[in-house]
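The values are calculated or read from the model by the stated rules, or taken from the named source; none is laboratory data. Note that this is a predicted model, so its numbers are computed, not measured. Using ideal geometry, Cβ is built from the backbone for each residue, glycine included, and neighbour counts are taken over all protein chains shown. Ligands, DNA and RNA are stripped out before the accessible areas are found, and what is left, the full protein with its side chains, is counted by its heavy atoms. Shrake-Rupley method; radii C 1.70, N 1.55, O 1.52, S 1.80 Å.
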Amino acid sequence: MRTRNLLIGLFLVSLLFAGVVSYYASSSPDGLEKVSQDHGIAANAKNHDLDGSPLAGYGVSGVGNARLSGGLAGVIGVAVVFLAASSLVLVTRRRKSNQATDETVSSSAPRP
Amino acid sequence: MHAPDGFIDAPVSIAAGVVAAGGLALCLRGARRELDDRTAPLAGLVAVYVFAVQMLNFPVAGGTSGHLLGGTLAAVLVGPYTGALCVAVVLLVQGLLFADGGLTALGVNITDMSLATVLVGFPLALLLVRALPRAKGWLPVAAGIAAGISVPAASLVFVGFYALGGTTDVSLTTVAAAMVGVHVLIGIGEGLITAMTVAAILSARPDLVYLNRFRKREAAAVPAAPMVQEV
């Protein structure tokens, strides 16, 4: 399989999971939530500083339909994570290639 | 396992923030070596995939759910340093955009869900892939077992933070037993998801699976140069 097709496939699967399948995910408390509720740790939980923000709790504020709201939030999340992670990769690689160039220039036997 | 604000006191939260920042700085250095023409294109999408699958809480016993943490999966696919960065990006977006995981708890959350899962999961996967038979089919098994064990390990790291700076007065053995107990179950899900994902990518493009570079070669295989040597 060509790399490009694999990457596109991975992206589409992620969109499907975050945008559609997530609606069917279990809404029970997760491991830490459950343990903290059962043993009284949750009493000290504070509200999130960004609780009023437009995407808080994986929903788009103002969108009434739960399926649409959650799905849209998932798709936005996929896009934001993709941009953030790809930028980080690009920046990290650019620093690497700058370094490589410096070393090539300073060494007497440059490699291609 | 996203801790909200208030579970861990300020001094320990700050200390965890320092640990997380230091760990991620190390990962940035390490990722420079790891990110070659094979891992770099995949890395962004591994982060995306981890984010998407983390939304899919699956039920475990007794009205409790769990979700993928993804550190071992990411490390197996793109390398441990890059993998930890991928999960950290996911945790940052979750905390800042979706109000999932407290902002003061970011250090705790990055340390246990990104750094700890990779630190436990990747060496274990490496060990297993060398100990298990050479056939390619064993690599997803190694990744799955390592990923499964990394989940209760991460929950123990959280318990460690709770021991140092928990704001409630609950017996430590109670918290540890409850946390490890439920996360062993969640770890089974983590292991299955990790094994299935790794198997799918391995069958399509074995060269894109970072851990595959460390698998013992099958008898007639080419004596490939496993690591890109960059000084």
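For this structure, a couple of remarks:
- Taking the stretch A:1-37 as the range and being free of Cβ contacts under 8 Å to residues at least 24 places away in the same chain, within 19 Å of B:ALA199 (Cβ to Cβ) and not aliphatic (A, V, I, L, M) as the test, the residues that pass are A:THR3, A:ASN5, A:GLY9.
- Extreme residue, least open to solvent (accessible area, probe 1.4 Å), among residues of the stretch A:17-26 that are facing another protein chain (nearest Cβ under 8 Å) and not hydroxyl-bearing (Ser, Thr, Tyr): A:ALA18
- Only one of the numbered conditions (1) assigned to a helix (DSSP H, G or I); (2) over 14 Å from the mean Cα position of the chain (by Cα); (3) not aliphatic (A, V, I, L, M) is violated by B:PHE122, and that is (2).
Residue-by-condition table, conditions (1) modelled with pLDDT of 95 or more; (2) out of contact with any His (no Cβ under 7 Å at 6 or more places or on another chain); (3) closer than 18 Å to B:ALA3 by Cα:
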site	(1), (2), (3)
B:LEU172	yes, yes, yes
B:GLY181	yes, yes, yes
B:LEU192	yes, yes, no
B:ALA199	yes, yes, no
B:ARG217	no, yes, no
B:VAL228	no, yes, no
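- Within the stretch B:51-106, the residues that satisfy the criterion of being in a helix (DSSP H, G or I), open to solvent by 10 Å² or more (accessible area, probe 1.4 Å) and farther than 24 Å from A:ALA79 by Cβ are B:PRO80, B:TYR81.
- Scanning the stretch A:34-47 for residues that are assigned to a helix (DSSP H, G or I), facing chain B (nearest Cβ under 7 Å), of a type in the set (A, V, I, L, M, F, W, C) and open to solvent by less than 60 Å² (accessible area, probe 1.4 Å) turns up just one, A:VAL35.
- Put simply, of B:ALA75, B:ALA21, B:ALA43 the only residue that is without any contact (Cβ under 8 Å) to a residue 60 or more places away in the chain and of a type in the set (A, V, I, L, M) is B:ALA43.
- No other residue among B:ALA40, B:ALA21 is open to solvent by 10 Å² or more (accessible area, probe 1.4 Å), over 16 Å from the mean Cα position of the chain (by Cα) and under 21 Å from A:PHE11 (Cα atoms) apart from B:ALA40.
So that you can scan it fast, the table gives a plain yes or no per residue for (1) at pLDDT 95 or above; (2) open to solvent by less than 30 Å² (accessible area, probe 1.4 Å):
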{"residue": "B:LEU128", "(1), (2)": "yes, no"}
{"residue": "B:PRO133", "(1), (2)": "no, no"}
{"residue": "B:LEU139", "(1), (2)": "yes, yes"}
{"residue": "B:ALA142", "(1), (2)": "yes, yes"}
{"residue": "B:ILE145", "(1), (2)": "yes, no"}
{"residue": "B:LEU156", "(1), (2)": "yes, no"}
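Residues checked against (1) part of a helix (DSSP H, G or I); (2) at pLDDT below 95; (3) more than 7 Å from chain B (Cβ to nearest Cβ):
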{"position": "A:SER28", "(1), (2), (3)": "no, no, no"}
{"position": "A:LEU32", "(1), (2), (3)": "yes, no, no"}
{"position": "A:ASP49", "(1), (2), (3)": "no, yes, no"}
{"position": "A:GLY52", "(1), (2), (3)": "no, yes, yes"}
{"position": "A:GLY77", "(1), (2), (3)": "yes, no, no"}
{"position": "A:SER87", "(1), (2), (3)": "yes, no, yes"}
